[in-house]
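Only one structure is covered here, and it is reproduced in the block below.
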Amino acid sequence: APAKAKKIPSKGNNVELSSDGEVEEGSWEMEEEEEDEEGSSEEMVDDYGASSSEEEELLPIEKAALKQKSDRGGLSEDDSEEEEVAEEAAEEASRQKMGQEEEESPDLQLNLDIDEQFKLPTNEQPPDLHIIHQRIKGNMEVLQDFVAKREEGRTRQEYLALLRRDMAAYYSYSDFLLMKLMDIFPLPELINFLEANEVPRPVTIRTNTLKTRRRDLAQALINRGVNLDPLGKWSKTGLVIYDSSVPIGATPEYLAGHYMLQGASSLLPVMALAPQENERILDMCCAPGGKTSYIAQLMKNTGVILANDSNAERLRSVVGNLHRLGVTNAVVSNCDGRQFPKVLGGFDRVLLDAPCSGTGVISKDPAVKTNKDEKDILRCAHLQKELILSAIDSVNAASETGGYIVYCTCSITVEENEWVVDYALKKRNVRLVATGLDFGKEGFTRFKDRRFHPSLKSTRRFYPHTHNMDGFFIAKFKKFSNAIPQAQKDEEPAVEAATPSAVPDTVMEPQPKKKKLEGSKADKEQKPPQPALKKRHSLQAQRRPLKA
């Protein structure tokens, strides 16, 4: 069939567009005749499929209105004016969209520029977190291949200073703590650590095997709408909770003492301690009682556990948890741990979960990001050195099954961990042994300009970004002699000089007795063999102190 011409009035001009694309002139009468011949339905379809540039800009509802008007017999001049108004409105809308895109484009363009080539900022920019994040990523890429990607005339220190400022702004850390973390972690791992601290750790519980089995507890909680899984191959009692339709700390099972809400990292020190049945064990800083109750269940309520804490308020939670969990072999005491060898000694094993700065549990306590400084770290390290000496002195090296001390903190700073352990190795007759944990990173044997004992490789570090648990440090000692090394008398350390309680009096008491014994032996050797002279010398020896 031959192509039929279509007429679309444009702005009052009688112009026809043919299907071949040629412009033809005509009259309104011809259009009306063609409409009569072709019929209304064909004209609607033909008109709707027209490929004019003006009609493409119209909205569908406007196109439908045009068709209806064409069916009625053509478009008047008024209709063409309305069409112009509609076109102008459509153009304004498109301009507004273009304006919005242009407003958004500078940020997008800036991000592209950052990705393509990172340059140090010349002036202080407003704290836009998105820009800072992009700048951190760009800075990291440059530092990983510094020779090839660095900007001419810029030093590595400038890039590191900018990176530290950006990370402090983006993650809300103090400059002091970030410097400490940058010393501990390589840069890519540091970013992973900071990101992991923004996410809460999974909720974990420990089955109380004094009252139930893990399989039975898991089934009971699943029936209550709890979604859970075993914690890992390394734990026989732990469960991880993904979500729950009931409050996990108020279920009938919890109130009956079938489980304890406890972080995964808190199970590790007790596993390293490996308590045996019928032993005497000291938990020097026990609150809130999670580790104490775990020790009791591993000992099957035999032997004796002395659960001590210096804070009387926190001991309330210990007593409540021990009653709820059915622990019957524990004695609770409120003493300063530094005085403990005087209070009681001769334990088979001691667990020291020392008070620390909390840099491993930032996800639980974000205030640590800004409220810790050098004094806080050194104050904690000072207290830890005192406590670890007291813990070692409280252990009986001659114990048949024990003689072990486990030292742990929820901090990742070297001053509170390797430094303290290295100090204890120098001051007491102890050596480090394997913790018995088959995962975790090795402790530092060198850190900046410090060199520690090579056996510190057997200590273990746990991080949020690698093990998905709180940051933790664990060291296990074996005591091989109850005697205190002589070096302690000759070189009195600053820590012990400031706090004489760190050196127990009970251990130091036998020293004057030894001198008396030595003196009596010397007298015996000097005595002549004659019986008459023996009596004379003995009388003189008795009289001399009286005259003095």
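Odds and ends about this structure:
- For a label point 7 Å along the Cα-to-beta-carbon line of Ser333, residues of region 282-304 with backbone N under 15 Å: 282-287, 304
- Region 202-261 - Debye-derived log10 I(q)/I(0), Cα point model, q = 0.17 Å⁻¹: -0.46
- 1.4 Å probe accessible area per residue over region 201-302, in Å²: 41
- In the calculated pair-distance distribution of region 356-498, the portion above 26 angstrom amounts to 25 percent of the Cα-Cα pairs.
- Flagged links, alpha-carbon separation over 29 Å, of Lys448/Lys476; Lys375/Lys426; Lys149/Lys441: Lys149/Lys441
- Of the residues Tyr254, Ser244, Leu231, the one whose Cα sits farthest towards the positive end of the charge dipole of region 202-261 is Leu231 (charges of +1 on Lys and Arg Cβ, -1 on Asp and Glu Cβ, taken about the Cα centre).
- Solvent-free Debye scattering, log10 I(q)/I(0), computed from the Cα coordinates of region 307-401 at q = 0.11, 0.12, 0.19, 0.23 Å⁻¹: -0.44, -0.52, -1.08, -1.21
- Mean Cβ neighbour count within 10 Å, used as a protection proxy, ranking 218-225, 387-394 highest first: 387-394, 218-225
- Cα-based equivalent ellipsoid, region 184-297: semi-axes from gyration tensor eigenvalues, Å: 26, 22, 12
- Shown here for region 408-457: trypsin sites (Lys or Arg not before Pro) in loop regions (DSSP other than H, G, I, E, B) with at most 11 other Cβ atoms within 10 Å, namely Lys448.
- FRET efficiency, 1/(1 + (r/R0)^6) with R0 25 Å, evaluated for Ser363 and Lys149 via beta carbons: 0.15
- Region 264-479: mean projected area of Cα convex hull, nm²: 11.5
- The orientation-averaged projected area of the convex hull spanned by the Cα atoms of region 129-198 comes to 4.6 nm².
- In the full protein context, region 309-407 carries 41 Å² of accessible surface per residue, based on a 1.4 Å probe and ignoring ligands, DNA and RNA.
- Highest-first arrangement of 232-240, 339-347, 263-271, where packing means the average Cβ count within 10 Å: 263-271, 339-347, 232-240
- For region 422-469 and region 299-354, distance of Cα centres in Å: 26
The values are calculated or read from the model by the stated rules, or taken from the named source; none is laboratory data. Source: prediction; values computed, not measured. FYI the Cβ positions are ideal-geometry reconstructions off the backbone, even for glycines, and counts take in every protein chain you see. Side chains included, ligands, DNA and RNA excluded: accessible areas come from the protein's heavy atoms. Shrake-Rupley method; radii C 1.70, N 1.55, O 1.52, S 1.80 Å.
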